[in-house]
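The values are calculated or read from the model by the stated rules, or taken from the named source; none is laboratory data. Predicted, not measured: the structure shown is a model, and the values here were computed from it. With ideal geometry, Cβ positions are generated from the backbone for all residues, glycine too; neighbour counts draw on all protein chains shown. Note: accessible area is taken over every heavy atom of the protein model, side chains too, but ligands, DNA and RNA are not part of it. Shrake-Rupley method; radii C 1.70, N 1.55, O 1.52, S 1.80 Å.
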Amino acid sequence: MATYSQTGAQFGYGQLWTALYMLPFMTAVQEACARIGLVTGKGIAAVVKEHYNKKVLYAVVGLVVVANTINIGADIGAMAAAAQLLVPVHFVVLTLFFTIGILLLEIFTSYRIYSRILKWLALALLAYPITVFMIDQPWPTVLKATVVPHFEFSFAFLFIITGVFGTTITPYMFFWQASQEVEEENAKGLMRDGKPRIGWPHIHAMRKDNNVGMVVSEFTTWCILLVGATVLHNSGITDVKNAADAAKALEPLVHSFPNSGYLAKLIFSVGIIGLGLLAVPVLSGSAAYAVAEAFSWNASLSTKIRKAHGFYGVIIVATLVGLMINFVGIESSKSIGIYCCDQWHCSRTFVVFNCKDSL
């Protein structure tokens with residue numbers, strides 16, 4: 001959300017078309033991952049382990065774990081910052097509240113119940129279409145920018161468009177997608193002797209589910225880009241550091257009807273919190289699946305913690321390390337990563353950014 005808000009704020013409608021043109025790529029990649037899990041009954045790491053050497057396996061798993069842990073910290077920080085816009089509670093208290101709550105649900109709730117919780121949390125996506133239609137939009141310009149690609153051959157433009165693609169078609173979702181297909185097979189009793197018993201109806205159902213999910217996801221991306229462009233960029237605000245900053249900036253700029261500014265900030269903030277609650281368990285869970293599959297540990301959210309110590313151990317450690325990232329480093333809540341901002345010289349491709357920046 002921070003990346004999309006930054007993109008809309010910095011380049012206006014200039015990258016609005018990316019939401020449409022990323023859709024087929026994102027759909028194809030996620031379906032490929034779902035097929036791997038559905039047909040083999042194994043997650044991505046287990047398949048890599050079967051077909052490649054240990055160096056490749058450990059490199060892939062290591063990258064996913066490190067990236068996911070940093071993003072967990074970013075998401076926890078973003079949720080706390082967004083919540084502070086709504087309630088006067090200290091940042092530390094909010095980060096602890098969200099972290100403990102997520103861990104308790106992920107560890108002690110059965111997969112069937114937990115999957116339902118995650119599905120309901122996906123309704124937080126509605127926050128962004130609602131925000132879009134609360135704001136007066138120049139629809140002819142918006143529709144043209146959505147369909148006709150626009151390019152600028154500058155460092156800042158190419159740098160941030162790389163971030164847009166990277167935060168949309170993202171590796172942790174590959175691991176989660178495949179592993180969740182296996183979880184669903186187990187939940188539905190489709191596994192026999194470690195092998196899935198499926199037919200074309202299962203493939204078609206998976207494809208339909210995937211296609212609908214990707215369309216909703218990219219529509220949400222489009223909405224966040226559009227809000228950033230119409231409200232922030234058109235008001236001269238081109239430097240947004242994190243998603244909470246974007247939500248806060250909406251209030252004085254939206255004047256569609258009485259109290260519309262506050263409502264826009266409220267809805268945007270609720271979206272940040274809801275999607276953070278959805279993202280953190282997915283990030284820690286996909287890291288746990290990858291590590292557990294690499295070392296042949298029990299790996300399932302349907303399994304109790306006493307029977308899957310390693311799997312849940314990765315979830316706990318990744319989440320707690322992510323929490324601590326918010327309290328160590330340079331100044332407050334800093335982590336190492338890439339941040340696109342036009343005040344940086346073009347030679348600076350690895351800089352410091354706030355931990356709340358990459359939700």
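Of everything in segment 138-180 that is more than 21 Å from the chain's Cα centre (by Cα), over 24 Å from MET214 (Cβ atoms) and touching a residue at least 60 places away in the same chain (Cβ under 8 Å), the residue that is least open to solvent (accessible area, probe 1.4 Å) is PHE157.
Out of ALA294, ALA246, which single residue is within 20 Å of MET1 (Cα to Cα) and modelled with pLDDT of 90 or more? Can you show your working first?
On the way: ALA294 fails: within 20 Å of MET1 (Cα to Cα).
None of the others qualify; the one that does is ALA246.
Name the residue, out of ASN259, ASN234, that is farther than 24 Å from THR168 by Cα, loosely packed, with under 13 Cβ neighbours inside 10 Å and polar (S, T, N, Q).
That would be ASN259, the only listed residue that is farther than 24 Å from THR168 by Cα, loosely packed, with under 13 Cβ neighbours inside 10 Å and polar (S, T, N, Q).
Would you confirm whether any residue within segment 56-73 is more than 30 Å from LEU103 (Cβ to Cβ) and part of a helix (DSSP H, G or I)?
So in segment 56-73, the residues more than 30 Å from LEU103 (Cβ to Cβ) come out as 56.
If we keep only those that are part of a helix (DSSP H, G or I) as well, we get 56.
The answer is yes, given that some residue of segment 56-73 is more than 30 Å from LEU103 (Cβ to Cβ) and part of a helix (DSSP H, G or I).
Within segment 229-253, being touching a residue at least 24 places away in the same chain (Cβ under 8 Å) and not in a helix (DSSP H, G or I) holds for ILE237, THR238, ASP239, VAL240, LYS241, ASN242. With respect to the stated conditions, GLY189 fails to be modelled with pLDDT under 95, small (Gly, Ala, Ser) and under 21 Å from the mean Cα position of the chain (by Cα).
Scanning segment 1-25 for residues that are in contact with an Asp or Glu (Cβ under 9 Å, 6 or more places away or on another chain) and open to solvent by 20 Å² or more (accessible area, probe 1.4 Å) gives THR3, GLN10, PHE11, LEU20, LEU23. Every condition in (1) crowded, with 23+ Cβ neighbours inside 10 Å; (2) modelled with pLDDT of 95 or more holds for GLY310 except the one numbered (1). Residues that are part of a helix (DSSP H, G or I) and either out of contact with any strand residue (DSSP E or B) (no Cβ under 8 Å at 6 or more places or on another chain) or open to solvent by less than 10 Å² (accessible area, probe 1.4 Å) (or both) within segment 39-53 comprise ILE44, ALA45, ALA46, VAL47, VAL48, LYS49, GLU50, HIS51, listed in sequence order. Of the residues making up segment 77-126, those that are in a helix (DSSP H, G or I), among the β-branched types (Val, Ile, Thr) and open to solvent by less than 30 Å² (accessible area, probe 1.4 Å) are THR95, THR99, ILE102, ILE107. Pairing each residue of segment 41-55 that is more than 18 Å from GLU185 (Cα to Cα) with any residue that is crowded, with 21+ Cβ neighbours inside 10 Å and acidic (Asp, Glu), provided the two are 6+ apart or on different chains, yields C-beta distances under 9 Å for VAL48/GLU293; LYS49/GLU293.
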